[in-house]
1. Considering every residue within segment 56-63, establish whether at least one is under 22 Å from the mean Cα position of the chain (by Cα), crowded, with 16+ Cβ neighbours inside 10 Å and in contact (Cβ under 8 Å) with a residue 24 or more places away in the chain.
2. Return the total of residues in segment 192-204 being surrounded by fewer than 12 Cβ atoms within 10 Å (Cβ to Cβ) and outside any helix (DSSP H, G or I).
3. Here's a check for you: in segment 172-185, which residue that is surrounded by fewer than 22 Cβ atoms within 10 Å (Cβ to Cβ) and in contact with a helix residue (DSSP H, G or I) (Cβ under 7 Å, 6 or more places away or on another chain) is farthest from Ser119 (Cα to Cα)?
4. Kindly indicate which of Gly129, Gly107 is surrounded by 22 or more Cβ atoms within 10 Å (Cβ to Cβ), in a helix (DSSP H, G or I) and among the small types (Gly, Ala, Ser).
5. With out of contact with any helix residue (DSSP H, G or I) (no Cβ under 6 Å at 6 or more places or on another chain), open to solvent by 30 Å² or more (accessible area, probe 1.4 Å) and of a type in the set (A, V, I, L, M) as the only criterion, which of Leu263, Leu214, Leu225 stands out?
6. Kindly indicate whether Gln92 is open to solvent by 60 Å² or more (accessible area, probe 1.4 Å), within 23 Å of Leu276 (Cβ to Cβ), without any contact (Cβ under 8 Å) to a residue 12 or more places away in the chain and of a type in the set (S, T, N, Q).
7. Taking Ser207, is it polar (S, T, N, Q), part of a helix (DSSP H, G or I), more than 27 Å from Ala90 (Cβ to Cβ) and touching a residue at least 12 places away in the same chain (Cβ under 8 Å)?
Amino acid sequence: MTAPLPVRPPGPPAPGPAPAERAPGRAAPSRLLAPLRQTGHLFALALTVARAVFRRPFQVREFVEQFWFVASVTILPAALVSIPFGAVIALQVGSLTEQLGAQSFTGGASVLAVIQQASPLIVALLIAGAAGSAICADLGSRKIREELDAMEVMGVSPVQRLVVPRVLATMSVAVLLNGLVSVVGTLGGYFFNVIMQDGTPGAYLASFSALAQLPDLYVGELKALVFGFIAGIVAAYRGLNPRGGPKGVGDAVNQSVVITFMLLFAVNMVLTAIYLQIVPPKGG
C-alpha cells in the first residue's frame, strides 16, 4: 500500500503575484481626453466625406431622395419663422434709429441684419433640428441593426453610400433656403416698418441701396453652405456612433442637435469677424 500524502497545516496562503493596481490619476486624464478624441473623429469624418464627394459612383438617387426630404421638412417652417424674425429686427432697429434721429437708415440696417446674420442661422437651425435629427436617427437605427457592418463586409463604404448624399443634400437645401428666408424676412421687415412704424417705402429702399452691397449676399450664402455642411456632418457622426442600443440612438439625436447649435454660433462669429476685416463697408 502507498503511504498517505502529507496534509499541509492551515496557514496563510502562499504569496502570489499582486493584482495590478490602477493608478489614482489615470482615469482622470482619460475622461478629459474623451472630448478631444470625439472632436478628432468628427474632423476625420468631415475630411473623409470631403474626399468621398469626388469618388465614383455618386449616389444620385439617394441624393435626390434626401434633398426632397430635407426640403419638405424645412421649407414651410423656414418661411413661417423668417416673417416674425424679420419683423422683430425691423421693429427693434427702427426704434433705435428713431431715438438716434436716423430713421431713414432703418431699411438698410434691418436688411443687412437679416441677410448676413438671421437668414443663415434660421436655415441652419431648422435643418439641424428637423432634417439633422432625422438623419441621425436613420443612421443610428441602421447601426444598431448592424446594417452598416454588413455593408462594410460586402465592400460598400457606408460613408460614400449614405453619408455623402445626406451631407450634400443639407448643403444644397441650406443654400436655396437661405435665399427664400432672406426674401421673406426682408418683406416682413418692410411691411412692419412701413405699416407699424409709419416709415416711408422710398426711404426704406433708398437706405437699403445705400448701405448694402453684393458681398453681403455672398457671405450669407457662404454661411448657409458651411452651416449645412456642419449640420450634416454632426448628424451623420452621432448617427454612426450610438451607444446603448435604441436608447443610445435617442441620446445621439439630442446630442447632435445641441452640438450643431453650439458649432453654428461659434463658426458664425468667426466668419463674421473675418468678413468685416476683409470686406470694407460700403462708402468706407
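1. Yes, the conditions are met somewhere in segment 56-63.
2. 1
3. Checking each candidate, the answer is Ser172.
4. Gly107
5. Checking each option against the conditions leaves just Leu214.
6. yes
7. no
The values are calculated or read from the model by the stated rules, or taken from the named source; none is laboratory data. Worth saying up front: this structure is predicted, and the values here are computed from it rather than measured. For neighbour counting, all protein chains shown are included, and Cβ atoms are generated from backbone atoms with ideal geometry for every residue, glycine included. Heavy atoms of the whole protein, side chains included, go into the accessibility calculation; ligands, DNA and RNA do not. Shrake-Rupley method; radii C 1.70, N 1.55, O 1.52, S 1.80 Å.
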